[in-house]
1. In nm, to one decimal, how far is the Gln359 label point from the Leu300 one, both placed 7 Å along Cα→Cβ?
2. Could you state the accessible area per residue of segment 89-353 in Å², with a 1.4 Å probe and every protein chain left in place?
3. Can you give the Kirkwood hydrodynamic radius of segment 162-202 from its Cα pairs, in Å with one decimal?
4. Hey, got the dipole for segment 225-265? About the Cα centre, +1 on K and R Cβ, -1 on D and E Cβ, debye to the nearest 20?
5. Aspartates and glutamates within cross-link reach of Lys122: Cα-Cα under 17 Å, excluding same-chain residues under 8 positions apart?
6. On a C-alpha basis, how far is the centre of segment 108-132 from the centre of segment 235-252 in Å? Whole number, if you could?
7. Tell me the Kirkwood radius of segment 89-353: reciprocal of the mean inverse pair distance over distinct alpha-carbon atoms, in Å.
8. Pick out, from Gly315, Pro302, Pro155, the residue whose Cα sits farthest towards the positive end of the charge dipole of segment 89-353, with +1 on the Cβ of Lys and Arg and -1 on the Cβ of Asp and Glu.
Amino acid sequence: MVMGNRTTYPKPQPGHHFPFHFPNPNPICIQTPPHKVFLIRSFLPLPSRPSGSSSSSAPPVPFCSAPHLHLDPIPLLSGRRNGRMEAPPVALYDSLKAAKPFFLLAGPNVIESEEHVLKMAKHIKGITTKLGIPLVFKSSFDKANRTSSKSFRGPGLEEGLKILEKVKVTYDLPVVTDVHESHQCEAVGRVADIIQIPAFLCRQTDLLVAAAKTGKIINIKKGQFCAPSVMVNSAEKIRLAGNPNVMVCERDDLIVDPRNFEWLREADCPVVADVTHALQQPAGRKLDGGGVASGGLRELIPCIARTSVAVGVDGIFMEVHDDPLNAPCDGPTQWPLRNLEELLEELIAIAQVTKGKKQFKIDLTPFKE
């Protein structure tokens, strides 16, 4: 806490008695949208020492019976972490909105191990840096919504966040991960740059508000059961909680309707296309030990990705794995790491010629010869 150089009194000189005490040493934090926090600190001056006192040579300081309030604006949840400066959420949000031709949220479906996640982050960053695509690394610490109770879920909250933190520090990458319960949001918000709301939970008000209050960017996946218009309300819940940094993501399975990308723009925020979960086949694969797991149509991922970019989405969400056939979770809908660069090159080429982000001006005046 900085205690000197306040406007009410001169900065103490070396050897001077410091003229303040702090009846309440804990700052009060008030979050104010869009991206500022104000620390309110109370400074109560002590009476000056009697003249002739030998314990201090400080000049007299007038006594004030009421505390002075100092408002110090600081960027929301930004600062130095493990030796590197983190941008506030609004800076990352603005950079993603301005990304050309699109930004990418990519990584393995679930954290399998620290070694595997670091390996994936290294290779995906290498590809996206080469191609000039802004990357947010994605992986989940817990896959709570599984078809079967026998499915692999991940390392859990505490260990998973430690691993994601190591990705951030090692490769200087922002990260996105999902939450399933309100009580997870505070801890996840200390690490993740983007908090993702799963599709089945996209209308859960308490979860949306808890995520919003972290101040981080919130990516809401559209529920398979929802019309695109529902996402306007979900995004508004984030904003009404004081957080303007929201994105909406189309992820459907069985049927992918590209019209949704247009309608989702009514939420007035970046639109993301999940091109891998979109090809999921729920309960479409039998397990050897009994039960079922999700299947998928990996071969159609390029089809959905091409369509999404042609329509003009702002971001692509893509789960990527170095060995999809042996992935412990959602292997059938993870894109092979060895094919990632080739697919991204094609998507960039499409994005460079499409006018999908601009509304087509339709002329309905009668045609005349």
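1. About 3.1 nm separates the two model spin labels.
2. Heavy-atom accessible area per residue stands at 40 Å².
3. On the way: mean 1/r = 0.0932 Å⁻¹.
Answer for segment 162-202: a Kirkwood hydrodynamic radius of 10.7 Å.
4. 220 debye
5. Partners within reach: Glu112, Glu114, Glu165, Asp172, Glu319, Asp322, Asp323, Glu341.
6. One Cα centre to the other: 27 Å.
7. Radius from the Kirkwood sum: 18.2 Å.
8. Looking along the dipole axis, the top candidate is Pro155.
The values are calculated or read from the model by the stated rules, or taken from the named source; none is laboratory data. Model, not experiment: these values are computed from the prediction. Neighbour counts run over all protein chains shown; Cβ positions are idealised from the backbone, glycine included. Side chains included, ligands, DNA and RNA excluded: accessible areas come from the protein's heavy atoms. Shrake-Rupley method; radii C 1.70, N 1.55, O 1.52, S 1.80 Å.
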